[in-house]
Amino acid sequence: MNKQWATLAFKNIFRNRRRSLLTGLAVATVAAAMMMMLSFIAGMNSDLEVNLKALETSDILIQNKDFERYQVFNPLGYMIDGNEVKNILADEPNIKIYSRTLLRGALYLGDESYSTQIMAFASDDTLIKDRLSVDTGSYPTLKNEAAISRNLAKNRGLTIGDKIMVLSGTVGRGSNAVSYSITGIINIPTGGYNDNTIITTLEGATWLIKSPLVSKVIVTALAGQNINNLSASFNKSFADSEFLAKTWLSTYLGVAVQIQQRFFNFIVLLFFLLGGTVIINTSMMAIMERKKEIGVMRALGTSIMEVRLLFFLESITLSLIGTLVGLSIGTLLSIPFTTGTGFLSGDDSKAILEGFYLANGVRFKITGASALRVLNLSMLIAVIVAVVPTGRVARMKVSDSLRSQN
Amino acid sequence: MALALLSVSLYSQSATDILNKMDANSSYTAIEFTGSISTTDRYGTSSNIAKVTARGSVDTLVEITTGEQKGQRILRTPTEVYVYYPDADNVIRLKGAALRQSFLGGDISYEDLTSIKKTSDIYNATILEEGILDGKGYWKLNLIAKDKGATYPEQILWVDKASSLAVKGEYKSASGKLIKTLQVNAMQKFGNNYLAMESEYIDVTKKNSSTILKINSVILNPVITSRTFSVSNLSF
C-alpha cells in the first residue's frame, strides 16, 4: 500500500514540474547558503581556537596566580620562573612545555615612538612557529636580534638589517631600552598581532626587562589526556608555589573565545530560522495551490492520513533532492575559501577581524557535521510542512476544498 | 576673591615673592651631589644610587651609578629631556605622556625630576596660613595651575620661612583629589641655598607606595665642561 503512495508521490513531483522545480530550488538555495554559512562559522571558530591555543594558552596555561587580577596595573610584577615550572613538571609524561613572554613597549624610530608588543619564545617552540610564517629572513637567534610582524614592517618602512630601539618597563619597576637588529619579517595569523609585534628570543626579552622571568608557561597535552584532570594534577604539584594552572577554556581569553563562538552559533541559528522560513513559505504555497486536488482525493474516499502520507512523501523527496543539490553547490562554492587567506582578507575586513583571534582572512572549514545539520533542518521542515498545513487542508470540508480556486 | 585679596594683604610678603624665593633656592651656579633613590611598593623595595650634576635652574644631568638601572642617564636642557640607556644605540627624547612616566618605577615622574619652568610661571599662588611646624615658621601656600596641562593642577605647599624650601606638599588632581604627598625629613645649607637631604614622596593612589630620596654627598661649584650638558655626552 505504502509503495503505491510512494509511486504516486513520485509521479506527482513530475506531474507539475514547474512547482516541484521552484520548491526544490528554494530548498537547494537555502541549503547551499546554509552550508556556506556553516563552513564560514566553522572556519572562524576553528581559527579562533587554533590561534588562541598557539599564540596564548595551548591546552593549559600556567601563570603567577595573581597575574590575571593585577596584570593591568603591573604585568611585569607577576612574571614567573619558567625553569622552576619545568622542574616541577619534569616527571609528567606526554606533555610539551613552552615558556613565553608577552609585554607592552614602545618602538622608537628616530624621534617618533609607537606602541608595540614584544613577544618572546624559544627557538624550539614549534607550537607557535607552525602557526606563523616567515615572509622574508629568519627568526632571531641572538639576544640583540628581533623579527617584526608583517604590517609593522610595512607601516614603518622597516626591513631586514635595520636596527630598532625598544623601550619597556623592567621587572625591577624601572625602564630600559635596547636596540635589536631585524632578522626577519613574520606573518602572524591575527590582525592585531600583525600590526605591532616585535618577536625576540627569550634571552632578548630577558635583556630588555632585566630578568630571566617569563610571562607564562603553556603546556600541550600530547596523548589526548583530559586537560581538566591534567590541570588539577599540575595545581597539586604547585601547592607550595606561586603558580596556577588553568585549562585554556577557563582562561579569560578562553572564556572570551567561547562567548564569541556562542555569538557565531547564534548567528547560525538566525540563519536557520531565516532559511527555514523560506522553505516553509515555498512549501506551504505549493500545498495551498493544491486544495482542490486534495478535495477530489477526499471525495474519492482518500483518508486524511493517506493525504498526509502522500504529501509527506512528496515533501521529503523534494527536500532531500533539493538539500543534496544545495549541499553540493554550497560545498563547491566554499572550497576556494578553505585555503590561502580565505574570505574577508581585505584591509577593511581586517579592522573587524582584529578584535578576534582570527586570521587576516577567514578560511572556511567544510565538515560533515555542517552538512548533517543542514540536512536535518531540511528534513525537519519537510516533515512539519507535510504534517501541519496538509492536515489542515485535508480536514477542510470536501465541498469547501472543491469550491477552492486552486 | 575678596577674601583671597584680604588674606594676601594680611601677610608680610606675597605668595609670588615666596615662590620666587623657592625657585631661587633651588637654583645653583653649579652643584654635584650623590644620593640614593629607594622605591617601595607592594612588590618590595628597590634602590638605585644616582649622581646629579646641575647648573643654574635648568641644566641637569642624572646618572644612575649602581642598582638595576645602572648606566641610565637623564639630561635636562633648556628645551628638552633626554634619556640614555646603555643597551640602546640612540638617546631617547622624552615628550608628551612619556614625561609623566615613573622614574625608576617610583613615585616621581621624569617631569617631576626635570621640571624646567619656575614655579611662579606655572602656578598662581595664594597664602592659606602662616604658622609653626616642628618649631619652624612656615607659609602654607595654595597653588593653582595656570594651564590645564600641568601635571598637578593644584598643590598645597608648606614653605619653610628660613630656607624657602617646600618641606611638605600635597599634590592634587583637577578635581581636588590628593595624588601625591611630599615630606622633607632633613635639610642642609650649602652656600646660600638649602638642599633637602632626605625627601619622601608617597603616591596615595597606590597602596604602600613611597619613594625616598637621600643625598649622601654634595660638591658645590664642581668643574663642569661644555660637554657636560650635551646630548653627545650622554652616550659617551
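Overview of values
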read-out	value
Cβ-derived FRET efficiency at R0 45 Å, A:K96 paired with B:T66, nearest 0.05	0.60
Amide N proximity, the range A:197-219 versus A:K86 label position 7 Å along Cα-to-Cβ, cut-off under 18 Å	A:200-207, A:211-219
DSSP beta bridge pairing in chain A, given as percent antiparallel to the nearest 5	80 percent
Of B:K148/B:K214; B:K70/B:K118; A:K210/B:K214; A:K154/A:K210; B:K168/B:K206; A:K236/B:K207, those spanning more than 21 Å from alpha-carbon to alpha-carbon	B:K148/B:K214; B:K70/B:K118; A:K210/B:K214; A:K154/A:K210; A:K236/B:K207
Rounded tilt (10° steps) of B:15-25 against the dominant C-alpha axis of chain B	30 degrees
Ellipsoid semi-axes in whole angstrom, largest first, where each is sqrt(5λ) of the Cα gyration tensor of the range A:186-302	60, 22, 10
Inter-centroid distance (Cα atoms) of the range A:150-217 relative to the range A:84-113, Å	12 Å
Cα pair distances of chain B binned at 10 Å [whole percent]	7, 30, 38, 20, 5, 1
Computed FRET value (nearest 0.05) for A:A6 with A:V278, which takes r as the C-beta separation and R₀ as 30 Å	0.65
For B:T29, distant residues with modelled amide H under 5 Å away	B:G56
Geometric extent, Cα atoms of the protein assembly as shown - Rg, Dmax (angstrom)	37.0, 125
Inter-part distance where the range B:185-202 and the range A:241-272 are each reduced to a Cα centre, Å	57 Å
Net length gained if the chain between A:L380 and A:N265 were fully extended (0.36 nm per residue, minus Cα distance)	39.5 nm
FRET E, pair A:T136, A:M305, Förster distance 56 Å, beta-carbon r, rounded to 0.05	0.20
Reachable aspartates and glutamates from A:K3, criterion Cα separation under 18 angstrom, eight or more residues apart if same chain	A:E306, A:E314
On Cα atoms only, tilt of A:304-334 relative to the major axis of chain A in degrees	30 degrees
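Here, each number is a calculation from the coordinates, and none is a lab measurement. Owing to the predicted nature of the structure, the values given are computational and were not obtained by experimental measurement. Here Cβ is always computed from backbone atoms with ideal geometry, including for glycine, and neighbour counts include all displayed protein chains.
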